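These notes are about the structure you will find just below.
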Amino acid sequence: MENLNETVRSLISSSSPQSKLQLLHSLRQTVTTSEALIEDVEGLFKEFESLIHASEQLATATASLIADIAVTNKDPIVCMYLSTFSPILVSALSTESLPLANAIAACMQAFVAKEIKPEVFLGAIQKDGICSKDPLIRRRAVELLADVLKAHPRLFEDSKYESQALKIVEEIIRRKELKKQLLQLIDIVPSVDKLVKKLPLDLQTNYNIIAVSYTHLTLPTICSV
């Protein structure tokens, strides 16, 4: 039982990136089998916050561990820290790394599945993702949202999240560079199309223009013989 907390202490105190990577992998195995509670939750999550912005390997391993903790956790203190972590994870999307993006998507899917403040996740998508100054983070945030909605479409169908969903769709429509991601999102969750109809008319018009232009671009060309 003590192995879990020994590994946590070693992770926090280690200064070697390679050692940290090994300890993260070790913790992934331990958290899924150990019934021990993490003693230094605050210290561990401070370490996570640092590592999520470290190298691609460390960030991916960290996000994968957080996803495992979210799935197996039974400690309300850990749950409290997890509930604040969505903005930090979204801010780590400033890379083209597919493994990291997939690991962050697994985190968010676990958060939603375990009811770990889905509203914080949606807020992070809007404020830290789509409203980011970094165009890569904006695009990745919409793709992340699509990944989560594939597994949990109720997020955009539940009335208690409707105002947040409307704001997200509005912000996406306002950014022309996200038109492809917007239409891919609608392909995944048709209820997004219903949300558009609840937006102001100028935004509905913008959306319709995007939809028509995208359809024209993707339709096969018919050639007469």
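Side notes on the structure shown:
- Identified option (computed log10 I(q)/I(0) by the Debye sum over Cα atoms at q = 0.10, 0.18 Å⁻¹; candidates (1) -0.51, -1.55; (2) -0.43, -1.54; (3) -0.50, -1.23): (3)
- Amide H contacts of ASP134 (H built 1.01 Å from N, in plane; Pro and chain starts excluded): no residue 5 or more places away or on another chain comes under 5 Å.
- Residues in segment 74-108 reached by a label modelled at LEU136 [backbone nitrogen below 15 Å; 7 Å Cα→Cβ]: 90-102
- ³J(HN,Hα), Karplus 6.51/-1.76/1.60, whole Hz, each residue of segment 39-46, x for Gly, Pro: 7, 9, 5, 4, x, 5, 6, 5
- When shorter helices are ignored and each DSSP H run of at least 4 residues is given -39500 (n - 2.57), the per-residue value for the chain at 222 nm works out to -21500 deg cm²/dmol.
- Partners of LYS197 within straight-line reach, counting lysines whose Cα lies under 17 Å from its Cα and excluding those fewer than 8 residues away in the same chain: LYS167, LYS179.
- Cα gyration tensor shape for segment 115-187, rounded if a/c is under 1.5, else prolate or oblate: prolate
- Relative contact order computed over segment 18-74 (Cα-Cα under 8 Å; 6+ residues apart), in percent: 49
- Nonlocal Lys pairs with alpha-carbon distance under 18 Å, segment 3-159 (8 or more apart, or different chains): 5
- The chain - percent of accessible surface contributed by carbon and sulfur, probe 1.4 Å: 54
- The largest accessible area among GLU39, GLU171, GLU49 belongs to the first residue in GLU39, GLU49, GLU171, and the rest follow in falling order (1.4 Å probe, all chains).
- Per residue, the accessible area of the chain comes to 51 Å² when a 1.4 Å probe rolls over the protein heavy atoms.
- Bridgeable aspartates and glutamates around LYS198 (alpha carbons under 17 Å apart, same-chain partners fewer than 8 residues away excluded): GLU157, ASP158, GLU162, GLU170, GLU171.
- Neighbour count of at most 12 Cβ within 10 Å plus DSSP loop: longest trypsin sites (Lys or Arg not before Pro)-free window in the chain: 1-73
- Using C-alpha pairs below 8 Å separated by at least 6 residues, the relative contact order for the chain is 13 percent.
The values are calculated or read from the model by the stated rules, or taken from the named source; none is laboratory data. Bear in mind that the values here come from a model prediction, so they are computed numbers and not experimental data. Every residue, glycine among them, receives a Cβ derived from its backbone with ideal geometry; neighbour counts consider all protein chains shown. The area values use the complete protein model at the heavy-atom level, side chains included, leaving out ligands, DNA and RNA. Shrake-Rupley method; radii C 1.70, N 1.55, O 1.52, S 1.80 Å.
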